[in-house]
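Working notes, beginning with the structure itself.
The values are calculated or read from the model by the stated rules, or taken from the named source; none is laboratory data. Not measured: the values here are computed from a predicted model. Virtual Cβ from ideal backbone geometry, glycine too; neighbours counted across all protein chains shown. These accessible areas exclude ligands, DNA and RNA; they are computed on the full protein's heavy atoms, side chains included. Shrake-Rupley method; radii C 1.70, N 1.55, O 1.52, S 1.80 Å.
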Amino acid sequence: MPFHAAARERDRRLDPMMQRLIDHLPMLAEHNTPALLRAVGCDREDLQDMLAELRMLDPKPGLAFDTSPVETVVPDVFVRAEPDGSWQIELNSDILPKVLVNRSYYATVSKKTRDAGEKTFLTDCLATANWLTKSLDQRAQTITKVAAEIVRQQDGFLTHGVAYLKPMTLKMVAEAIDMHESTVSRVTAQKYMATPRGLYEMKYFFTTAIASADGGGDHSAEAVRHRIKQLIDAEPPGAILSDDTIAEMLRKEQGMDVARRTVAKYREGMNIPSSVIRRRQKKELAQAS
C-alpha cells in the first residue's frame, strides 16, 4: 500500500468513538470497564475491537530511526563459588586500563641527552608514568577489596537469594576495610558484579534496614520489596490483598515491622497497581477466560 494511502487508512481509524476512548485512557489503566463503556458510548465488543487496534500501534515509533548501537553491560568483577563454600573474586582484566612504562626506551633516550632541561623533562615524564601505573594498580586493588567485603557481608544473598539480602550501607563497608565512605561510593559507582545469581550493579547491595517485629536482626528494604511482590503474585483472584493486609502478613509471618504507607511506597515503586485495580484486572481475566 502506498504511503499516503496507508496514512489515510490510519486517519480513518480515529473516529469519534476511538477519540473518546483515547480521551479516557486513565479509566483503561484502572481497568474500570463499566465507567469506560459509559464514557465512550460503546458495547464490550466494540471496546475489544478498538483495544485490539491500539495494541497494534507502536508506542515508540522514534526507535525505528535510532541507529545507535545497543550497549551491553560488562561486569567489572566476577564472583565464583569455590568447592569449599567460599567465594572467588576476580577483576575483569579485559576492561582494566593498561599502561606500560618502557624503561628501556627511557634509558636509551637519557643516555643521548646532554641538556639539563631535557634530562629534567624526561625524569618528570618517567615519574608521571610511574605515578599513573601505581594509581591504576591501587584502584584495581581498591575495587577488589570493596567487592570482597560486599561478598562477605552478602554471603546469604549469594547462597540463598534476595530474601537473605542484608541491610548494608557505604559506612559499614568503609569501616570494615578501613577506607573513607566517599572512596567506597566512588569505587562502586556504575560498577557491575557478575554473580551466580546474575549481574548486579554494586549499588544494588547497599540497602536500608527495616526493623524486625520480633526483636531479631533487621531486614533489608530490598528483601521486603521482594516479599511484597511474592505475596501479590500469589494472591488468589477472590482474595486480593490490601496494603494493610500485606503489612500485617509481613509482620506476623516474616517478622518485618513495615507500615502500610511503606508497603504502598514499595508497591508503587515496583509499578504494581493498587488492590482495587488488581481486583478489576483479575476479574476481567476471569471473564475473558
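Once the cut-off is 17 Å, how many percent of the Cα-Cα pairs in the range 85-146 end up in the long-distance tail?
Cα-Cα pairs of the range 85-146 separated by over 17 Å account for 55 percent.
So what's the angle, to the nearest 10 degrees on a 0 to 90 scale, between helix 44-55 and the longest Cα principal axis of the chain?
On a 0 to 90 degree scale, this one is about 20.
Would you kindly compute the Cα radius of gyration of the chain and its largest Cα-Cα separation (Dmax), both in Å?
According to the Cα coordinates of the chain, Rg and Dmax are 29.3, 95 Å.
Quick check: the angle from helix 275-288's long axis to the longest principal axis of the chain, C-alpha only, nearest 10 degrees?
On a 0 to 90 degree scale, this one is about 60.
Report the extension gain between T108 and K229 in nm, rounded to one decimal, defined as 0.36 nm multiplied by the number of residues separating them, less their alpha carbon distance.
On the way: separation 121, 0.36 × 121 = 43.56 nm, distance 6.68 nm.
Net length gain for the segment: 36.9 nm.
Show me, for the range 219-229, the HN-Hα J-couplings you get by feeding each phi into the Karplus relation (A = 6.51, B = -1.76, C = 1.60, θ = phi - 60°), rounded to Hz, glycine and proline as x.
Working through the residues one at a time gives 10, 7, 4, 5, 5, 5, 4, 4, 5, 4, 5 Hz.
Test of understanding: what is the full-extension gain from L100 to E53, defined as 0.36 nm times their sequence separation minus their Cα-Cα distance?
Details: separation 47, 0.36 × 47 = 16.92 nm, distance 6.09 nm.
Going from the current span to full extension adds 10.8 nm.
What full-extension length gain, to one decimal in nm, is calculated for T128 and E248 as 0.36 nm per residue of separation minus the Cα-Cα distance?
Gain in length upon complete extension: 37.0 nm.
How far apart, in nm, are the 7 Å Cα→Cβ label points at A64 and A29?
2.5 nm
Where only protein heavy atoms count, and the probe is 1.4 Å, what is the accessible area per residue for the range 43-144 in Å²? Each step should come with its number before you reach the end.
Values: 8130 Å² over 102 residues.
I get 80 Å² per residue for this part.
Nearest 10 degrees, 0 to 90: what angle lies between the long axis of helix 116-153 and the longest principal axis of the chain (Cα atoms)?
Orientation of helix 116-153: about 40 degrees from the principal axis.
How large, in percent, is the carbon and sulfur part of the accessible surface of the chain at a probe radius of 1.4 Å?
Result for the chain: 54 percent of the exposed heavy-atom area is carbon or sulfur.
Which value, in debye to the nearest 20, describes the size of the charge dipole of the range 123-212 about its Cα centre when Lys and Arg Cβ atoms bear +1, Asp and Glu Cβ atoms bear -1, and nothing else is charged?
The calculation lands at about 200 debye.
Please sort by residue number the trypsin sites (Lys or Arg not before Pro) in the range 70-158 whose DSSP state is loop and whose Cβ has at most 12 other Cβ atoms within 10 Å.
K98, K112, R114
For the chain, calculate the relative contact order in percent as a whole number, restricting contacts to Cα pairs under 8 Å that are 6 or more residues apart.
On the way: 269 pairs, mean separation 39.7, N = 289.
It comes to 14 percent, rounded to a whole number.
Taking K and R as +1 and D and E as -1, what net charge do the other residues with C-beta under 10 Å from the C-beta of Q88 add up to?
So the surrounding residues net to -1.
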